[in-house]
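Notes to accompany the following structure.
The values are calculated or read from the model by the stated rules, or taken from the named source; none is laboratory data. Computed from a predicted model, the values in this text were never measured in an experiment. Here the Cβ positions follow ideal geometry from the backbone for every residue, glycine too, while neighbour counts run over all protein chains shown. Please note that ligands, DNA and RNA were not included when accessible areas were found on the heavy atoms of the full protein model with its side chains. Shrake-Rupley method; radii C 1.70, N 1.55, O 1.52, S 1.80 Å.
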Amino acid sequence: MQWLVAGGNGMLGKDMLATLRDRGEDAVGLDRDELDITDAEATRPALDGFDVVVNCAAWTAVDHAEEHEAEAFAVNAVGAANLSRAARAAGAKIVQISTDYVFAGDATEPYAEGAAPAPRSAYGRTKAAGEWAVRAENPDHLVVRTAWLYGAGGACFPRTIARAAGERGELEVIVDQVGQPTWTRDLADLIVRMVAADVAPGTYHGTASGRTSWHGFAQAVVAAAGMDPAIVRTTTSASYVRPATRPAYSVLGHQMLRAARVAPIGDWAERWDVAAREVLAG
Ligand SMILES: NC(=O)c1ccc[n+]([C@@H]2O[C@H](COP(=O)([O-])OP(=O)(O)OC[C@H]3O[C@@H](n4cnc5c(N)ncnc54)[C@H](OP(=O)(O)O)[C@@H]3O)[C@@H](O)[C@H]2O)c1
């Protein structure tokens, strides 16, 4: 099987490529300079010969998107549509990476895959539009929503926290946002397993199991970095206002994976124990 990873130089794109190559798959990664997904004409021929196209390309500057929604939309919605349409023309499956930000974040139990999107930020609106565009353009699609991603290949929460803890000796971290920290290697592995299992087209949730707050995750990070977790104190979203609204509750359910007999990613804390050394060294 021939895999193409668009946005191959991003945090997820790098681990998607590494995971595919570790498993002996034929995988090509293209970064923005090689394939700009907002360029429909260039996108079409670039996909010839591929069986699976994973769209890891995105405008991910969440706060910046509030002031630049049209530019974010061009990548996250129009770019996703271009890639999905081109994949269909090439006879390829499209795997679209989406986000918990498509939801309002005011639920009290895990979001089902079919729950109604209600984004509260410009980034969330553009990603929700990308989901619909991908579904409309190619019946052979997997929309995989993830959240709280971290990995060795990019700037991410654990690396920021470990550095700040080392520099300052104490930290305040938000305790009233809850989610599922998810390692990019685990998400990449899940996508490979979903494609190998030939799961039905549709929308799936690709997050780790369990849940924690940013504060709980920060404590696990600080402990993994060899420091005392007690140096991480709590604060609330109200004292740390940013341009884009963050979902307070970002816990995604995994019913569609279970129905397809594909094991969801394991518990976030167990996976962090496995990931910590590689991610903090990255
Ligand atoms: N990070 C998270 O916590 C998180 C959570 C939920 C969902 N997601 C989703 O997961 C996916 C991967 O995110 P990530 O964290 O790996 O993001 P990332 O590190 O920012 O990578 C995104 C990549 O897309 C590239 N890109 C931007 N515009 C492009 C264009 N027009 N054509 C081609 N490539 C373009 C970027 O290139 P440049 O560097 O040149 O701009 C970058 O390499 C995204 O769909 C994101 O929405 C992420």
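At a glance:
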read-out	value
Farthest positive-ward along region 35-102 dipole, Cα basis, beta-carbon charges - from A74, T43, A58	T43
Using alpha-carbon coordinates, inclination of helix 80-90 to the longest axis of the chain, degrees	40 degrees
Of all DSSP beta bridges in the chain, antiparallel share, percent nearest 5	5 percent
Fraction in percent of alpha-carbon pairs per bin - 5 Å, region 163-233	3, 15, 20, 16, 14, 11, 8, 7, 4, 1
Of all accessible heavy-atom area on region 50-163, the percent that carbon and sulfur account for (1.4 Å)	55 percent
Area of T99 that stays accessible when all protein chains are in place (1.4 Å probe, Å², to 10)	10 Å²
Inverse mean reciprocal Cα-Cα distance (Kirkwood Rh) of region 1-101, Å	13.6 Å
Most mobile of D33, D228, D140 in a GNM of the chain (Cα contacts under 10 Å)	D33
Cβ-based net charge around A136, under 11 Å, with every Lys or Arg adding one and every Asp or Glu removing one	+1
Computed helical MRE - 222 nm, the chain, DSSP H runs ≥ 4 contributing -39500 (n - 2.57), nearest 500	-11000 deg cm²/dmol
Label-to-label distance, nm, for residues given as V262 and A74 (7 Å Cα→Cβ offset)	3.2 nm
Nearest 10 degrees, 0 to 90: helix 268-281 Cα axis against the chain principal axis	90 degrees
Between 0 and 90°, nearest 10: helix 11-22 axis offset from the chain longest Cα axis	70 degrees
Label-to-label distance, nm, for residues given as A248 and D273 (7 Å Cα→Cβ offset)	3.2 nm
Whole-percent carbon and sulfur share, accessible surface of region 191-282, 1.4 Å	53 percent
5 Å binning of all Cα-Cα separations within the chain, expressed as whole percents from 0 upward	1, 6, 13, 17, 20, 18, 13, 8, 4, 2, 0
The chain: relative contact order as a whole-number percent, Cα under 8 Å and 6+ apart	20 percent
Cleavage-rule hits, trypsin sites (Lys or Arg not before Pro), region 210-273, DSSP coil, Cβ neighbours within 10 Å at most 10	R261
Volume in Å³ per residue [convex hull over Cα atoms, computed for region 71-139]	72 Å³
Dipole magnitude of region 54-197 about its Cα centre (Cβ charges: Lys, Arg +1; Asp, Glu -1), debye to nearest 20	620 debye
Rel. contact order, % - alpha carbon contacts under 8 angstrom, at least six apart, region 71-162	39 percent
Spatial separation of Cα centroids for region 80-145 and region 1-15, in angstrom	18 Å
Isotropic mean projected area of the C-alpha convex hull, region 230-275 (nm²)	5.6 nm²
Largest-first principal axis extents, alpha carbons of region 28-186, Å	53, 33, 32
Estimated dipole of the chain in Debye, rounded to 20 [Cβ of Lys and Arg +1, of Asp and Glu -1, Cα centre]	420 debye
Relative contact order [Cα under 8 Å, 6+ residues apart], region 145-190, whole percent	60 percent
